[in-house]
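**Student:** Got a structure here, written out as structure tokens. Questions coming.
The values are calculated or read from the model by the stated rules, or taken from the named source; none is laboratory data. Just so it is clear, the structure is predicted and the values come from calculations on it, not from any experiment. Every residue, glycine among them, receives a Cβ derived from its backbone with ideal geometry; neighbour counts consider all protein chains shown.
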Amino acid sequence: MKILMYSTFDFEKPFIEKAKHGKLELVYTSKNLNHDTVDLAKGFEGISLFTSDIANSTMLEKLYHLGIKYIALRTVGHDHIDLKKARSLGIKVANVPEYSPFSIAEHAVALLMALNRKIVLGQKLMEMGDYRLDNLVGFDLHGKTVGIIGTGKIGSAFAKIMHGFGCTLLAYDPFINEELIQQTKIRYCNLEELCQSADVISIHCPLNVDSKYMFNKSIFSQMKKGVVFINTARGMIVNTEDLIEAINKGIISAVGLDVYDKERPIFFKNHISEKFTDHVYTILRSLPNVLITGHQGFLSNEALQGIANTTMANLNAWAYNSICENELEK
């Protein structure tokens, strides 16, 4: 089966090649799927997409008429594809429902620790020859209250790490994880109580109609003053303009982000010789108490191999006319 791999990066190709087996013929392109590149799919039975690709209704219509029958996502999230439209066209879609949850959970911890202990500022001061400690004071995580939004595999991994630090844990999730309660003594509560009580808030829930812009002016206004806010989940869970306002008001003392609600034209690309036209992002990244990474939380050897293995397994399931266990339905 001939597959066009859209949005492929040098960092993932070795893992894909290692995982490749069976009847698959892979062709790589670094280009995103869009109106200008959709015709590249002509002559292929299937395509593979990354988070930077858009497969909306119009795009799926074009792919269908080009003969595309299968779409293998190299992501957990599938908010970038219109599943209802794909189903109506008979295009099968599968995702990678899980890979190393520790990669993103540990990245969230790294952002938290770097912000709290002023690691980036400390390094900059040392490079300047300034070894004063006046602006580098942090706090002990031990004994602090950490609020976790979403206690699936990634949120649970984060909770266990925070439990190891000696933190009191609060969770907001419609599905209660009884095993996690036993392991960490985490307590489930409503979002308002979590925001009012937590010294640290970390987001680990999926993006859907309920979570889109869940963190907005109203929720930020209920947060404990001085809270540290971490988001390694999805950018559109947070209203960025409202976040900036909460930072400027002193409600939020520090922010660690691996995602941004309008990241698609920015992340995963080289912009060294370009000026940003996104005014909100320019303000956000200029704030001294904001640390942003470019959606790299998944970027560990274990996670990349897991993504590649599952993607190849999904494609081979279709190639051999068997059932793909990760196939998505609306």
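**Student:** Just checking, which of His142, His163 is within 24 Å of the chain's Cα centre (by Cα), farther than 25 Å from Phe220 by Cβ and not aromatic (Phe, Trp, Tyr)?
**Tutor:** Unique residue meeting the criteria: His163.
**Student:** So which of Leu133, Leu169 is crowded, with 17+ Cβ neighbours inside 10 Å, within 24 Å of Val290 (Cα to Cα), more than 20 Å from the chain's Cα centre (by Cα) and among the aliphatic types (A, V, I, L, M)?
**Tutor:** Step by step, each of Leu133, Leu169 is checked, and only Leu169 is crowded, with 17+ Cβ neighbours inside 10 Å, within 24 Å of Val290 (Cα to Cα), more than 20 Å from the chain's Cα centre (by Cα) and among the aliphatic types (A, V, I, L, M).
**Student:** Additional query: Only one of Leu328, Leu304 is buried (at least 17 other Cβ atoms within 10 Å of the Cβ), modelled with pLDDT of 95 or more and of a type outside the set (S, T, N, Q). Can you tell me which?
**Tutor:** Details: Leu328 fails: modelled with pLDDT of 95 or more.
Testing whether each residue is buried (at least 17 other Cβ atoms within 10 Å of the Cβ), modelled with pLDDT of 95 or more and of a type outside the set (S, T, N, Q) leaves just Leu304.
**Student:** Now, a different point. Of all residues being more than 13 Å from the chain's Cα centre (by Cα) and closer than 30 Å to Leu33 by Cα in the range 222-261, which is surrounded by the fewest Cβ atoms within 10 Å (Cβ to Cβ)? Just the residue, please.
**Tutor:** From the range 222-261, those more than 13 Å from the chain's Cα centre (by Cα) are 222-229, 239-255; that's our starting set.
When the remaining residues are screened for being closer than 30 Å to Leu33 by Cα, the result is 239-241.
On the way: Asn239: 20, Thr240: 20, Glu241: 14.
Result: Glu241.
**Student:** Only one residue in Gly138, Gly77 is over 20 Å from Gly294 (Cα atoms) and either surrounded by fewer than 19 Cβ atoms within 10 Å (Cβ to Cβ) or not assigned by TED's automatic domain parsing to the domain that holds Ala159 (or both), so which one is that? First the steps, then the outcome.
**Tutor:** Numbers: Gly77 fails: over 20 Å from Gly294 (Cα atoms).
Unique residue meeting the criteria: Gly138.
**Student:** So which of Ile252, Ile237 ends up being under 25 Å from Val76 (Cα atoms) and modelled with pLDDT of 95 or more? Before the answer, list the steps.
**Tutor:** On the way: Ile252 fails: under 25 Å from Val76 (Cα atoms).
Ile237 is the lone residue from the list that is under 25 Å from Val76 (Cα atoms) and modelled with pLDDT of 95 or more.
**Student:** Identify all residues within the range 285-301 that are outside any loop (DSSP other than H, G, I, E, B) and either under 30 Å from Gly250 (Cβ atoms) or at pLDDT below 95 (or both); write none if there are none.
**Tutor:** To start, the set of residues in the range 285-301 that are outside any loop (DSSP other than H, G, I, E, B) comprises 285-286, 290-292, 301.
Within the range 285-301, Arg285, Ser286, Val290, Leu291, Ile292 meet the criteria.
**Student:** Here's a follow-up. Quick one: how many residues across the range 172-198 are exposed (fewer than 13 other Cβ atoms within 10 Å of the Cβ) and farther than 25 Å from Ser221 by Cβ?
**Tutor:** 6
**Student:** Further question on the same structure: If you scan the range 95-135, which residues turn out to be of a type in the set (Ser, Thr, Tyr), assigned to a loop (DSSP other than H, G, I, E, B) and in contact (Cβ under 8 Å) with a residue 60 or more places away in the chain? Steps first, please.
**Tutor:** The initial filter retains those residues of the range 95-135 that are of a type in the set (Ser, Thr, Tyr), namely 99-100, 103, 131.
Among the residues that remain, those that are also assigned to a loop (DSSP other than H, G, I, E, B) are: 99-100, 131.
Hits for the range 95-135 are Tyr99, Ser100.
**Student:** Is there any pair with a first residue in the range 64-90 that is farther than 18 Å from Ala319 by Cα and a second that is aromatic (Phe, Trp, Tyr) whose Cβ atoms are under 7 Å apart and which are 6 or more apart or on different chains, and what are they?
**Tutor:** Close Cβ pairs (under 7 Å, with a partner that is aromatic (Phe, Trp, Tyr)) amount to Thr75/Phe50; Leu89/Tyr64.
**Student:** Further, regarding this structure: Quick check on Ala94: is it aliphatic (A, V, I, L, M) and under 12 Å from Tyr6 (Cα atoms)?
**Tutor:** Criteria not met by Ala94.
**Student:** Scan the range 274-301 for residues that are surrounded by 18 or more Cβ atoms within 10 Å (Cβ to Cβ), without any contact (Cβ under 8 Å) to a residue 60 or more places away in the chain and within 18 Å of Ala108 (Cα to Cα) and jot them down.
**Tutor:** Within the range 274-301, Val290, Ile292 meet the criteria.
**Student:** For the range 247-264, state whether one or more residues are farther than 25 Å from Ile119 by Cβ, in the same structural domain as Arg117 (by TED's automatic domain parsing) and either in a helix (DSSP H, G or I) or not charged (D, E, K, R) (or both).
**Tutor:** Checked the range 247-264: no residue is farther than 25 Å from Ile119 by Cβ, in the same structural domain as Arg117 (by TED's automatic domain parsing) and either in a helix (DSSP H, G or I) or not charged (D, E, K, R) (or both).
**Student:** Inside the range 56-77, can you point out the residues that are of a type in the set (A, V, I, L, M, F, W, C) and at pLDDT 95 or above?
**Tutor:** Those that are of a type in the set (A, V, I, L, M, F, W, C) and at pLDDT 95 or above: Met59, Leu60, Leu63, Leu66, Ile68, Ile71, Ala72, Leu73.
**Student:** Give me the pairs: first residue in the range 182-198 and in the same structural domain as Phe165 (by TED's automatic domain parsing) and more than 18 Å from Lys224 (Cα to Cα), second residue of a type in the set (A, V, I, L, M) and part of a helix (DSSP H, G or I), beta-carbon distance under 7 Å, and six or more apart or on different chains, which are they?
**Tutor:** Sorted first by the residue in the range 182-198, then by its partner, the pairs are Thr184/Ala159; Ile186/Ala159; Ile186/Leu180.
**Student:** Among the residues of the range 9-41, which ones are surrounded by 13 or more Cβ atoms within 10 Å (Cβ to Cβ) and within 19 Å of Trp318 (Cα to Cα)?
**Tutor:** Passing the criteria: Ile16, Ala19, Lys20, Leu24, Leu26, Val27, Ala41.
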